[in-house]
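The values are calculated or read from the model by the stated rules, or taken from the named source; none is laboratory data. Since the model is a prediction, treat every value here as computed from it, not as a measurement. Quick reminder, even Gly has a Cβ in these numbers, built from the backbone with ideal geometry, and neighbours come from all protein chains shown. Side chains are part of the model used for accessible areas, which takes the heavy atoms of the whole protein and leaves out ligands, DNA and RNA. Shrake-Rupley method; radii C 1.70, N 1.55, O 1.52, S 1.80 Å.
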Amino acid sequence: MSNQNDDKLDLLKQIATPAPAEAARQRALEAALLAFDAEQNAAGKAAQGNPLVQRLRSMFATAKGNWTMDTRLTYGLGTAAIALLLLPLGYQLYTSTAISPIGVPPVLRDADAPVMKPDAVAEKKEEATANGLAATETPGAQLSIAAADEAAPVAPATTNRAVAQPKLGVSAGIQSQDGVMAEYAPEAEAVGMPAPVDAMVMPTEPSGDEFTRFAESPLKIVKNEPVSTFSIDVDTASYAYVRRALTDGWVPEPDAVRIEELINYFSYAYPAPADATTPFEPTVSVYPTPWNGKTQIVQIGIKGYVPPVGEDKASNLVFLIDTSGSMDEPDKLPLLKRAFALLVDQLSANDTVSIVVYAGSAGVVLEPTRATEKAKILSALENLSAGGSTAGAEGIELAYRLAEQNKVADGVNRVILATDGDFNVGIDDPEDLKTYIKSKREGGVFLSVLGFGQGNLGDDTMQALAQNGNGNASYIDSFKEAQKVLVQDAGGTLETIAKDVKIQVEFNPAVVSEYRLIGYETRALNREDFNNDKVDAGEIGAGTTVTALYEITPVGSGAELNDPLRYESDAAVPAAEVGTEIGFLKMRYKLPDGDTSRLTELPIGKDLAVKELAQASEDARFAAAVAAFGQKLKGSNYGEMSWEAIRDLAQGARGSDENGYRAEFMQLIDMARVLVVPTVTSEVPDGGCVAADGMTGCPSE
């Protein structure tokens, strides 16, 4: 009997495995879904019998009319049904899923590697085969073909960038391609994979979030371009977005990292002016660059006027809330309600609140209501629900109309737009929308924007609207961030003390050979814009601090990146003619209700410079650490520091840190250190070379 069974088993082994049938798979899937729905319906019914003294029973009527319990039969039939349903699904998954060989780690792509479509993968294999690189020839060829198999799938329609997967040899805690935690595998060296090197790869999350594209500010030669002009930026949205990405285990795309917003997220102890007639005063310091001992940092800081505690300026606030279907997520409308509730709790009897919503059609949910009627306001907020398409422009028109009808003299008149930034209908042309908002700011009604959620965040739209509306843009990723923006920094968010603030620095070519502005790429202005009062610039709120950093190369330091010109004299200027100034700072601003700018000037003396970084203030060192963090995170062409060095610099400059924001920054450094994965360039045993993307050959020597 045993021999007969063995013969039958051998015959079964010789039978070819049938090809998976799509129709069968579909039928099995539909049956499984029906069974699942039936099980869910059954689970929702009340159990039979007394639940306190009896166990669950399956009841059948016998011919005699008696009820009997047959639990074993029920379980047996259920198990068999589930097995029959899942067997074809499991087989289909087994035959259609690419499984990497045990012991050979997958080859992953660089952040900038193109997304390979299935047709492109097939063409890549055919090309490799045509060139004699069949998968059976060499280990190196196997690695190349495997790379084609491991190419990332096509991103969904809402995704605007490719998924950048971590590389081989990642640190513990890095998510690998198959979604599990991966470590560097010593077995990888058996196929020519070396240990990781100190370069960067960005494992970014697939996302439909949209950001303004910009190029990093370049290094400039003082003799050619001695003047630098830009608008201030008080927004903090970039820092909150970066924090959320790192906390969720992803490195944000480079355009999401605006270094000036990272720096300006934190408060600094700059001296504030005594009264509102002088809304701010500049503070300048000069100290050695942490990432380059031959260059220096010129730090320009300002702090806005802080109104007295007892001052109670009337506020006319209109909450313009996106209630479209895209807001129906826990981190969007529900968080939005809680955020606005925090703000309402801070308002006084002089303040009024109106609520306008937009979703398919705009409407007034709450007419202007005194802030003392908090229950009425909070009830209107709580009753909001998400659903419909987005008619953002129509909502904006209605909100501005309501704000203008209830405008308060010498007070705060502001529309606060809360949205995920997805404007599907309304004014289709973004330029027309900007023009409309510009016209309204001239009437004294300003705009602030609060962004929520991810996946379709229109950061670029929100930034443009806030800039044109004489307002600010914040990203609310948590209840804690809502508390910071709408409670702790409420004055800076709501009350503008100066508008159209511009900064211009002229560097002394006898002292400085090169310079670059760190950040502010989206706020750059032409030189002539500085004196043109028609050119818009950023606003500063009450108590807000703003920081700008320049990295400068002193003449004769040896740190110059540009070679001297052959046909132009670069002879050194006599010491007597050098002077005592590194440069000259000029700032222009308008008062909130003014149309003519005022000028502030300050020389940047050489005597401001300290010789050692340790001599710089805590605020200066911390700002430099944040700048270094931002540069490394976005893959800057300038300023290389290790994560450990950045952390040490920030740790030594934490100061009192009353609200714990600087301590939180330390955690972000630790997260980034783990997530920014080393690039691996691999040499295969036959002397060939396969780059980290698995497809691009290494450069020839």
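A simple count of charges around TYR515, restricted to other residues whose Cβ falls under 13 Å of its Cβ and scoring Lys, Arg +1 and Asp, Glu -1, yields -2. Put LYS534, LYS499 in order of accessible area, highest first, and with a 1.4 Å probe you get LYS534, LYS499.
Legend: residues LYS438, LYS590, LYS303, sorted from most to least accessible area (1.4 Å probe; ligands, DNA and RNA excluded), read LYS438, LYS303, LYS590. Accessible surface for VAL309 stands near 150 Å², nearest 10, in the context of the full protein assembly shown (1.4 Å probe). Solvent-accessible area per residue in the range 336-480 equals 38 Å², computed with a 1.4 angstrom probe and all protein chains kept. Each residue of the range 223-236 is assigned a 3J(HN,Hα), and the resulting list reads 5, 8, 9, x, 10, 10, 10, 7, 8, 5, 9, 9, 5, 10 Hz, derived from the Karplus form 6.51 cos²θ - 1.76 cosθ + 1.60 (θ = phi - 60°), x at Gly and Pro. Between the beta carbons of LEU599 and GLU225, assuming R0 = 30 Å, the FRET efficiency works out to 0.85 to the nearest 0.05.
Rounded to the nearest percent, how much of the accessible area of the range 359-518 (1.4 Å probe, protein heavy atoms only) is carbon and sulfur?
45
In this view, the solvent-accessible surface of GLU601, computed with a 1.4 Å probe and all protein chains in place, comes to about 100 Å². Near GLU281, the amide H atoms lying under 5 Å from its own belong to LYS303; only residues 5 or more places off or on other chains count, and H is placed 1.01 Å from N.
Applying the Karplus relation 6.51 cos²θ - 1.76 cosθ + 1.60 with θ = phi - 60° to the range 530-543 yields 3J(HN,Hα) values of 4, 9, 9, 5, 7, 7, 6, 8, x, 10, 10, x, 4, x Hz, where x marks Gly and Pro. Extending 7 Å from the Cα toward the beta-carbon at both THR277 and GLU658 defines two label points whose distance is 2.9 nm. Heavy-atom accessible area, probed at 1.4 angstrom with all protein chains present, ranks THR596, THR212, THR323 as THR596, THR212, THR323, highest first.
In this label model, SER557 and ARG338 are separated by 4.6 nm, measuring between points 7 Å along each Cα→Cβ vector. In the range 202-293, the portion of solvent-accessible area held by carbon and sulfur atoms comes to 52 percent [1.4 Å probe, whole percent, DNA, RNA and ligands not counted]. Less than 5 angstrom separates the built amide H of GLY471 from those of LEU447, all sequence-distant by 5 or more or on a different chain. Computed from backbone phi with θ = phi - 60° and the Karplus coefficients 6.51, -1.76 and 1.60, the 3J(HN,Hα) list for the range 265-278 is 5, 9, 8, 10, 7, 7, x, 9, x, 7, 9, 6, 5, 10 Hz; x is used for glycine and proline.
Placing dummy labels 7 Å off each Cα toward the beta-carbon, the span from ASP10 to GLU644 is 6.4 nm. So which of LYS332/LYS632; LYS220/LYS534; LYS313/LYS484; LYS303/LYS586; LYS480/LYS502; LYS332/LYS440 end up more than 24 Å apart, counting from Cα to Cα? Check vs 24 Å cut-off fails for LYS332/LYS632; LYS220/LYS534; LYS480/LYS502; LYS332/LYS440.
Summing charges over all other residues whose Cβ lies under 12 Å from the Cβ of ARG243, with Lys and Arg as +1 and Asp and Glu as -1, gives -2.
Surface calculation, 1.4 Å probe, protein heavy atoms: LEU599 sits at approximately 80 Å² accessible.
Taking all protein chains into account, the per residue accessible area for the range 209-307 stands at 31 Å² (1.4 Å probe). Here's how it looks for ILE497: its modeled amide H is under 5 Å from those of ILE540, GLY541, ALA542, which are all 5 or more places away or on a different chain.
Can you check what the net charge comes to around LYS294, using other residues whose Cβ is under 12 Å from the Cβ of LYS294 (Lys, Arg +1; Asp, Glu -1)? Kindly include the intermediate steps, with their values, before the conclusion.
Numbers: positive: none; negative: GLU514, GLU551, GLU560.
Spelling it out: positives minus negatives among the neighbours equals -3.
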